[in-house]
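Where a number appears in this text, it was derived from the coordinates with a stated rule and is not lab data. Computed from a prediction, not measured in an experiment: that's the story for all the values here. Glycine gets a Cβ as well: all are built from the backbone with ideal geometry, and neighbour counts include every protein chain shown.
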Amino acid sequence: MLASALGDGMKVLLFGPDGQVGRALRAALPAISDVVVAGRDRADFATPGALAAIVAAERPDVVINAAAYTAVDKAETEPELASRVNAEAPAELAEAATEIGARFVHYSTDYVFDGTKPAPYEEADATAPLSVYGRTKRDGERGVEQAGGNYLVFRTSWVHAPGGNNFIAKMLKLAAERDELRVIDDQIGAPTSASLIAEVTVEALGASALPSGVYHLTASGETTWNGYARFAIGEAMRRGLVMRATPEHVLPVPTSAFPTPARRPLNSRLSTGKLQAALGIEMPDWRQGVLATLEATIGERVG
Ligand SMILES: NC(=O)c1ccc[n+]([C@@H]2O[C@H](COP(=O)([O-])OP(=O)(O)OC[C@H]3O[C@@H](n4cnc5c(N)ncnc54)[C@H](OP(=O)(O)O)[C@@H]3O)[C@@H](O)[C@H]2O)c1
């Protein structure tokens, strides 16, 4: 249905195809489009200036940028590189997309906010990043907007996906090795699966009337990192994994117990009402996505 809404032969040019969201997009996009990927070998965001030529050569209908400098703590000591990747490169891509009349899709983060609001953040709330990563992502949003084309910026949070060293895999490993864990319980947010982000992106591309702008895209509900860890460990045990640290052994500690170079917002909750109303969809509870990633992670460990 989506394919017919978009017309046959829609071409998507995907940057950052190998990250969590990029991999999920590679799985979801072929249902609605021809996908050309431009990975780090072809498109190095550290040297913007060469990216526009790729867009001009490919002439896609849609450009999607899933690449980003996501090493939040390391960014504090590499602000120039983080800025090139998260701000300059997306602006260049958005301008190149505008030039050929292509739609531009970009992802941003809850870290553009300082987390002091006592309620979920709305899209129009003032940004006030606490970290280099957050500032460079905020600058990226502005660059995309200033390109003046047809664009969608999806702000998301606490992204997880099968493969690699995700939070869920880390917690399962630690719980198997240790008698107790100490996990932060004063940061609130919604763990969001990369596949949900990809599915909603596909949905949004099918909705040609969706106005340009920033949209919050997270799973529904909320938890803390501690609640997230307890849930993952409990569900892993229900699936037969043997743990030394059970959910009761996941002790709550404040953020101050683990000093990090970058400050993180205590409130990462993003209100998704705008996107849900625009697309007529309901975001699933965060536990649903965590269970899918958990099961894939257990499969990877067994397989
Ligand atoms: N992860 C989260 O919890 C989270 C939360 C909120 C928002 N977001 C946003 O969601 C989007 C997707 O994040 P993600 O979780 O999928 O991130 P990810 O897994 O870290 O993937 C980022 C991708 O960008 C690529 N990349 C980094 N530097 C590059 C460069 N100089 N040139 C070309 N490619 C480069 C990486 O390549 P390599 O693998 O080669 O390094 C990686 O494939 C990003 O915009 C991120 O800011 C993420």
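Considering only E180, E92, E145, give the residue with the highest GNM mean-square fluctuation for the chain, with springs between Cα atoms whenever their separation is below 10 Å.
E180
Can you list residues whose amide H is under 5 Å from F154's amide H, if they're 5+ apart or on another chain and H is modeled 1.01 Å from N?
Under 5 Å from the amide H of F154 lie the amide H atoms of H106, Y107, S108, Y215, each far enough along the sequence or on another chain.
Going Cα to Cα from K274, which lysines come in below 22 Å? Please leave out same-chain ones fewer than 8 positions away.
Straight-line reach from K274, under 22 Å: K117, K137.
If we sort 118-130, 71-83, 264-276 on the protection proxy, mean other Cβ atoms within 10 Å, highest first, what's the order?
Numbers: 118-130: 14.6, 71-83: 16.5, 264-276: 20.5.
Taking the mean over residues of other Cβ atoms within 10 Å, the ranking is 264-276, 71-83, 118-130.
To the nearest Å, what is the center-to-center distance of segment 206-265 and segment 157-177, using C-alpha atoms only?
Distance between centres, Cα-based: 10 Å.
For a quick check: with amide H placed at 1.01 Å from N, whose amide H comes under 5 Å from R182's, ignoring anything fewer than 5 positions away on the same chain?
Under 5 Å from the amide H of R182 lie the amide H atoms of L251, each far enough along the sequence or on another chain.
Looking at S108, G134, V36, which one has the Cα that reaches farthest to the positive end of the dipole of segment 35-179 (charges on Cβ: Lys, Arg +1; Asp, Glu -1)?
V36
Antiparallel DSSP bridges in the chain: what percent, to the nearest 5?
5 percent
If you put +1 on each Lys and Arg Cβ and -1 on each Asp and Glu Cβ, how big is the dipole of segment 28-133 around its Cα centre, in Debye rounded to 20?
Numbers: 7 positive and 18 negative charges, 48 e Å.
Here the size comes out at about 220 debye.
Would you work out the charge dipole size for segment 224-271 about its Cα centre, treating the Cβ of every Lys and Arg as +1 and the Cβ of every Asp and Glu as -1, and quote it to the nearest 20 debye?
The calculation lands at about 120 debye.
At 222 nm, what helix-only mean residue ellipticity would the chain give, in deg cm²/dmol to the nearest 500, using -39500 (n - 2.57) for each DSSP H run of four or more?
Counting only the DSSP helices, I get -11500 deg cm²/dmol.
Across segment 245-255, in residue order, what do the Karplus-derived ³J(HN,Hα) couplings come to in whole Hz, using 6.51 cos²θ - 1.76 cosθ + 1.60 with θ = phi - 60° and x for Gly and Pro?
With the stated coefficients, segment 245-255 comes to 9, 8, x, 5, 8, 8, 7, x, 9, x, 3 Hz.
Can you tell me the relative contact order of segment 172-294? Whole percent, Cα pairs under 8 Å, sequence separation 6 or more.
Values: 177 pairs, mean separation 54.8, N = 123.
Averaging sequence separation for qualifying contacts and normalising by length gives 45 percent for segment 172-294.
From the phi of every residue in segment 113-120, what ³J(HN,Hα) in whole Hz does the Karplus formula 6.51 cos²θ - 1.76 cosθ + 1.60 yield, where θ is phi - 60° and glycine or proline is x?
Karplus-based 3J(HN,Hα) across segment 113-120 equals 9, 8, x, 8, 5, x, 8, x Hz.
Treat every Asp and Glu Cβ in segment 98-156 as -1 and every Lys and Arg Cβ as +1, leave all other atoms uncharged, and give the resulting dipole magnitude about the Cα centre to the nearest 20 debye.
I would put it at about 120 debye.
Karplus couplings for segment 275-284 from phi (6.51 cos²θ - 1.76 cosθ + 1.60, θ = phi - 60°), rounded to Hz, Gly and Pro as x?
Values per residue, Gly and Pro as x: 6, 4, 5, 5, 9, x, 10, 10, 6, x Hz.
Pairs of alpha-carbon atoms within less than 8 angstrom and 6+ residues apart define the contacts here; what relative contact order does the chain have, in percent?
Answer for the chain is 20 percent.
So which lysines can K173 reach, going by Cα to Cα under 26 Å and dropping same-chain residues fewer than 8 places off?
Within the straight-line cut-off, K173 pairs with K74.
Placing +1 on the Cβ of each Lys and Arg and -1 on the Cβ of each Asp and Glu in the chain, which of A91, A68, A190 has its Cα farthest towards the positive end of the resulting dipole?
A190
By the gyration tensor of its Cα atoms, with a ≥ b ≥ c the square roots of the eigenvalues, what is the shape of segment 224-280: rounded for a/c under 1.5, prolate for a/b over b/c, or oblate? Walk me through the numbers on the way to the answer.
Values: a/c = 3.69, a/b = 1.32, b/c = 2.79.
It comes out oblate by the Cα gyration axes.
Normalising by the residue count of segment 155-227, find the relative contact order in percent from Cα pairs under 8 Å and 6+ residues apart.
So the answer I get is 47 percent.
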